[in-house]
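The values are calculated or read from the model by the stated rules, or taken from the named source; none is laboratory data. Values in this document were obtained by computation on a predicted structure and should not be read as measured data. Glycine also receives a Cβ, built like all others from the backbone with ideal geometry; neighbour counts cover every protein chain displayed.
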Amino acid sequence: MSEPPFWESTPLTEMSQVQWESLCDGCGRCCLHKLLDEDTGDIHYTSVVCRLLDQETCRCSRYGKRQELVPDCVVLSRDQVGDLSWLPDTCAYRVLASGGKLATWHPLVSGDPHSVHRAGISVRGRVLSEEAVHEDDMESCIITWVPSTRRDC
């Protein structure tokens, strides 16, 4: 009998840096600008992405320098495992933190880094750079293809 894959046998808090990083499916959804509804606590995703997102690969074009270039870029860490509710419900970090299983389209499961795009999970072809949208127009960019989430989940 073969060993289960690391994401099924290793808690998020105990994963190596390489394991942790490999959980990212490359969807780019975490790079979507989000709007918080102060009244309800709902977080609404917009079709506007960080200027550093390569919209073809759905990966950060300056990953190693992202915090220097975008100071409010959130770096996911093992310390945040209990506070990932702002991430899309398809995100592997959030799925595994809540006890779920990775989807069949996830590159670790499929063995194909493009499966996330073919499954329609990635932001490829659906977004605009923040450089093309004025901050006052963000509300008109709210999308429904990534469901809203609750901040206090």
Would a scan of the range 63-82 turn up a residue that is under 14 Å from the mean Cα position of the chain (by Cα), charged (D, E, K, R) and surrounded by 16 or more Cβ atoms within 10 Å (Cβ to Cβ)?
-> no
The lone condition Gly26 fails out of (1) part of a loop (DSSP other than H, G, I, E, B); (2) farther than 25 Å from Ser140 by Cβ; (3) out of contact with any strand residue (DSSP E or B) (no Cβ under 8 Å at 6 or more places or on another chain) is (3)
Failed item, numbered, when Thr13 is tested on (1) exposed (fewer than 14 other Cβ atoms within 10 Å of the Cβ); (2) without any contact (Cβ under 8 Å) to a residue 24 or more places away in the chain; (3) polar (S, T, N, Q) = (2)
Within the range 64-83, is even one residue touching a residue at least 60 places away in the same chain (Cβ under 8 Å), under 27 Å from Val109 (Cβ atoms) and part of a helix (DSSP H, G or I)?
-> yes
Counting only residues that are among the charged types (D, E, K, R) and under 22 Å from Tyr63 (Cα atoms), which one in the range 1-43 is nearest to the chain's Cα centre (by Cα)?
-> Arg29
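Is it fair to say Glu38 is part of a loop (DSSP other than H, G, I, E, B), under 22 Å from Ser110 (Cβ atoms) and at pLDDT below 95?
Values: part of a loop (DSSP other than H, G, I, E, B): yes; under 22 Å from Ser110 (Cβ atoms): no; at pLDDT below 95: yes.
The answer is no for Glu38.
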Within the range 112-121, is there a residue that is surrounded by 15 or more Cβ atoms within 10 Å (Cβ to Cβ), touching a residue at least 12 places away in the same chain (Cβ under 8 Å), within 24 Å of Ser9 (Cα to Cα) and aliphatic (A, V, I, L, M)?
-> yes
In this structure, is Gln19 assigned to a helix (DSSP H, G or I) and modelled with pLDDT of 95 or more?
-> yes
